[in-house]
Amino acid sequence: MIDFRRDWKEKNRVAFVFDTKGDKASSEDQGRPGMPAAVRVVTDAGEHDIFLYRNLAGKAFYYTKRGDRARGGGFLRYPLDFRRISSQFSQRRFDPVLKRWQPHDGVDFAAPSGTAVHATANGVVTFAGVQTGYGNVIEIRNRPPYSTLFAHLSRFAKGIRIGTRVKRNEVIGYVGATGWATGPHLHYEVQVDDVPKNPLTVSLPPAEPLQGRDLSRFASRSETLEDLL
Ligand SMILES: [Zn+2]
């Protein structure tokens, strides 16, 4: 996506399609009145099209041609492709390494060493280094009030350091067993106002790409709109 404040140049072109029919059938597909149904921006880097779509759950957002949310405000629920959940979030669990009861502030996802770990939302890296217990750990400040933490990594992805801006779904590191870990897994935390919440159930801003019936409805609508741009 284009950052208009940063990337805008005089020679760029922008085109809009408005849905002005105003009848019930079309307003169903609109967001607020006056929101363009489609936008095309042409820059040196190429064409960027986004399309307004009201999903079957009744919410209108802009999506890219592929059905991804155009603005990455949301969160992915899972930061990796995992085998199973090896330890749940808990106020009090018996720690297998420390051999004592203490809170488990995240969820452990068992996965082979080297499995890619993805940022679950856009944000800025606030820590990337070694911590006792957590081993190689990355902390990301996401949009307020959220922050996320990824521990026991075997290594970091290239360019990941304090201050790095990351995008939702970007690879930030790889599963390992550094720190106090009995086997390769990702320890993942979601904090809301710095308080750990259960990553599997905490309410997150939606980001899910379009799927199934929404995606097929969107595809036919965006094709029609694309012809008008
Ligand atoms: Zn853990």
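The values are calculated or read from the model by the stated rules, or taken from the named source; none is laboratory data. All values reported here derive from a predicted model rather than from experimental measurement. Backbone-built Cβ (ideal geometry, glycine too); neighbour counts: all protein chains shown. These accessible areas exclude ligands, DNA and RNA; they are computed on the full protein's heavy atoms, side chains included. Shrake-Rupley method; radii C 1.70, N 1.55, O 1.52, S 1.80 Å.
List the relative contact order of the chain as a percent without decimals, with contacts defined as Cα pairs under 8 Å and 6+ residues apart. All intermediate terms of the calculation are to be shown ahead of the outcome.
On the way: 514 pairs, mean separation 44.9, N = 229.
Averaging sequence separation for qualifying contacts and normalising by length gives 20 percent for the chain.
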Mean ellipticity per residue at 222 nm, deg cm²/dmol - from DSSP H runs of n ≥ 4 across the chain, formula -39500 (n - 2.57): -3000 deg cm²/dmol
Most fluctuating residue given options 47, 139, 170, as computed from a GNM of the chain linking Cα atoms under 10 Å: 47
Computed log₁₀ I(q)/I(0) - Debye formula, equal Cα scatterers, no solvent, the chain, q 0.07 Å⁻¹: -0.30
Lysine pairs meeting the criterion (Cα under 28 Å, 8 or more apart or interchain), as found in the chain: 14
Rounded percent of accessible protein surface that carbon and sulfur make up, the chain, 1.4 Å probe: 50 percent
Size of charge dipole - the range 84-197 - debye, nearest 20, with Cβ of Lys, Arg +1 and Asp, Glu -1, no other charges: 180 debye
Of 121, 151, 70, the one that fluctuates the most in a GNM where the chain has Cα springs shorter than 10 Å: 70
Residue-normalised accessible area of the chain, expressed per residue, 1.4 Å probe, Å²: 57 Å²
Estimated inter-spin distance, residue 194 and residue 215, nm [label 7 Å along Cα→Cβ]: 4.1 nm
Point-to-point label distance, residue 18-residue 100, nm (Cα→Cβ direction, 7 Å offset): 6.7 nm
Cα-projected label distance for residue 65 with residue 88, points at 7 Å along beta-carbon direction, nm: 4.5 nm
Equivalent ellipsoid dimensions for the range 84-197 as semi-axes, Å, which come from the Cα gyration tensor, largest first: 22, 16, 12
